[in-house]
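Since every read-out is calculated from the coordinates, none of them should be taken as a lab result. Only a predicted model underlies this, so the values are computations on that prediction, with no experimental measurement involved. Heads up, the Cβs are rebuilt from the backbone with ideal geometry, glycines too, and the neighbour counts pull from every protein chain shown.
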Amino acid sequence: MKHTPFFIDFLNDVVNLNQARLDRLNGHVQAVTEFLKENLDSFTAVEPQGSYGLKTIIRPVNEGQEYDADIQLYMKHNPGKEPKDYVDELYNCLRGSGTYNDKVHRKTRCVNLDYAGDFHLDVVPCIARPDGSKWVCNYATNEFERTDGTGYRDWFNEKTRITHGNLKRVTSTTTAH
């Protein structure tokens, strides 16, 4: 007997984030992106990262727990800026907004927007240097750290395609632990 339909139902009904929560998250991401595009001078682009970018985001294990989602904020490279300057610029931009000022927190590699009781959104500043390399900003150590979230996402999606979606199914269930 094939168990695949039961497994897919389990993923949809128990493990994966439901559509209402995804819609709410996507709406907030779109609003934050538009705000940053209009108010952050160094804005260049935003893209989903981590489980949000891979579409493997899952429900919190316990009722009342928050989930998190990550977006990478590409900012214009300025050789005169230190890593902490990019994080501060993003933090100050959001802090200056009536919409986000009470939700914003500075973290080591991101600025966190806390949508209490549901989720938090990590906005990760990223710099693309002229040579094409990408770097996230570590506020605590004031160092740039090399990254390639887009490359990883592309690799993961290709492997998921090759396995007819099974890699994503298995990964969604194992990230809950």
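Quick notes on this one:
- In region 48-134, the GluC sites (Glu not before Pro) that fall in loop regions by DSSP, at most 12 other Cβ within 10 Å: GLU63, GLU66
- Stretched out straight at 0.36 nm per residue, the stretch from ALA116 to GLN30 would grow longer than its current Cα-Cα span by 29.1 nm.
- Virtual spin-label span in nm between ARG95 and ASP148, 7 Å along Cα→Cβ: 3.5
- Point-charge dipole on Cβ atoms (K/R +1, D/E -1) for region 1-143, about Cα centre, debye to 20: 240
- For the cross-link pairs LYS81/LYS134; LYS81/LYS103; LYS37/LYS103; LYS37/LYS81, the ones whose C-alpha atoms lie over 22 Å apart are LYS81/LYS103.
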